[in-house]
Amino acid sequence: MSVRGAWQLKKLVVSYCNWGGSSRGIRAFMESQLPDFIEKNPQLEVVTELNRGYHPLLKGFYKNKNERVVCVKNMTPEDVLQCATRLRNSQGRKVLKLKTRHVTKHPSVQGTWTTDLKITN
């Protein structure tokens, strides 16, 4: 995702094992779809890193100094591409838990409306 025309994801690290079965999908992704992904995203620095004996990961480093790590073990190459695209499209902000189900600038004094209300005339 871009903010004011600048992509927020700076670096994508593809970590995999060349022996383990859980890395089968990411190895196929690196052979077939990663070159096209790099070609379509020239603003992105893509690094592959070999970690023998560990499950495969995608690590995204953002301009706001945040980092997101996604485990892609036992995923198909299409699922790995979808995870890489989601990392590229996100802004790298931390996920905030909402205190209420709805967010409004002017909360109702009477409370929220529900379908269980019984209106009597």
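The values are calculated or read from the model by the stated rules, or taken from the named source; none is laboratory data. Since we're looking at a predicted model, the values are computed, not measured. Note that each Cβ is placed from the backbone with ideal geometry, even for glycine, and that neighbours are counted across all protein chains shown. For accessibility, only protein heavy atoms count, side chains too; no ligands or nucleic acids. Shrake-Rupley method; radii C 1.70, N 1.55, O 1.52, S 1.80 Å.
Roll a 1.4 Å probe over the protein chains and send me the accessible area per residue for the chain in Å².
On the way: 9270 Å² over 121 residues.
Accessible area per residue, the chain: 77 Å².
With the dipole of segment 40-84 worked out from charges on the C-beta (+1 for Lys and Arg, -1 for Asp and Glu) around the Cα centre, which of VAL69, ASN51, ASN41 lies farthest toward the positive end?
Value: VAL69.
Rounded to the nearest 500, what is the 222 nm mean residue ellipticity of the chain from helices alone, with -39500 (n - 2.57) per DSSP H run of 4+ residues and division by all residues?
For the chain, the value works out to -7000 deg cm²/dmol.
Using amide H atoms built 1.01 Å from N in the peptide plane, name the residues 5+ places from GLY20, or on other chains, whose amide H lies under 5 Å from its own.
Long-range HN contacts for GLY20: GLY53.
Given points 7 Å out from each Cα along the Cα-Cβ axis, report the GLN91 to THR115 separation in nanometres with one decimal.
My value for the distance between the label points is 3.3 nm.
If R0 is 41 Å, what FRET efficiency do you get for SER22 and LEU98 from their C-beta distance, rounded to 0.05? Before the final figure, lay out each step's value.
Numbers: r = 34 Å, r/R0 = 0.83.
Once the sixth-power term is evaluated, E becomes 0.75.
Taking LYS40 as the anchor, which aspartates and glutamates have their alpha carbon closer than 20 Å to its alpha carbon, excluding any fewer than eight residues away along the same chain?
Of all the aspartates and glutamates, those that pass the test against LYS40 - Cα under 20 Å, at least 8 places apart if same chain - are GLU31, GLU78, ASP79.
Amide H to amide H under 5 Å from LYS10: which residues, 5+ apart in sequence or cross-chain, H placed 1.01 Å off N in plane?
Long-range HN contacts for LYS10: PHE61, TYR62, LYS63.
Mind telling me which of THR100, THR48, THR85 comes out most flexible in a GNM of the chain, alpha-carbon contacts under 10 Å?
Checking each option, the largest mean-square fluctuation is seen for THR100.
Can you put ILE119, ILE26 in order of accessible area, largest first, using a 1.4 Å probe?
Numbers: ILE119 145, ILE26 0 Å².
These residues rank, largest area first, as ILE119, ILE26.
If you place +1 on the Cβ of every Lys and Arg and -1 on the Cβ of every Asp and Glu, how big does the dipole about the Cα centre of the chain come out, in debye to the nearest 20?
Details: 21 positive and 9 negative charges, 145 e Å.
I would put it at about 700 debye.
Could you work out how far the C-alpha centroid of segment 42-74 sits from that of segment 1-32, in angstrom?
Between the Cα centre of segment 42-74 and that of segment 1-32, the gap is 6 Å.
What's the longest uninterrupted piece of the chain once you rule out the chymotrypsin sites (Phe, Trp or Tyr not before Pro) that are loop residues per DSSP with at most 11 other Cβ within 10 Å?
Working: sites that count: TRP19, TRP113.
No qualifying site falls inside 20-112, the longest such stretch.
What FRET efficiency comes out for LYS65 versus HIS106 if R0 is 30 angstrom and r is the Cβ-Cβ distance? Round to the nearest 0.05. Working shown, then result.
On the way: r = 35 Å, r/R0 = 1.16.
E(calc), rounded to 0.05, equals 0.30.
From Cα pairs below 8 angstrom and at least 6 apart in sequence, can you work out the relative contact order of the chain, rounded to a whole percent? Mind dumping the intermediate values first?
Working: 179 pairs, mean separation 38.0, N = 121.
Relative CO of the chain lands at 31 percent.
In a Gaussian network model over the chain where Cα atoms closer than 10 Å are linked, find which of LYS73, LYS99, LYS11 has the largest mean-square fluctuation.
Maximum fluctuation in the GNM of the chain, among the listed residues, is at LYS99.
Run through every distinct alpha carbon pair of the chain and return the Kirkwood hydrodynamic radius in angstroms, one decimal place.
Taking the inverse mean of 1/r over all distinct Cα pairs, the chain comes out at 17.0 Å.
What does the accessible area of MET30 come to, in Å² to the nearest 10, when a probe of 1.4 Å is used?
Near enough 40 Å² of accessible area.
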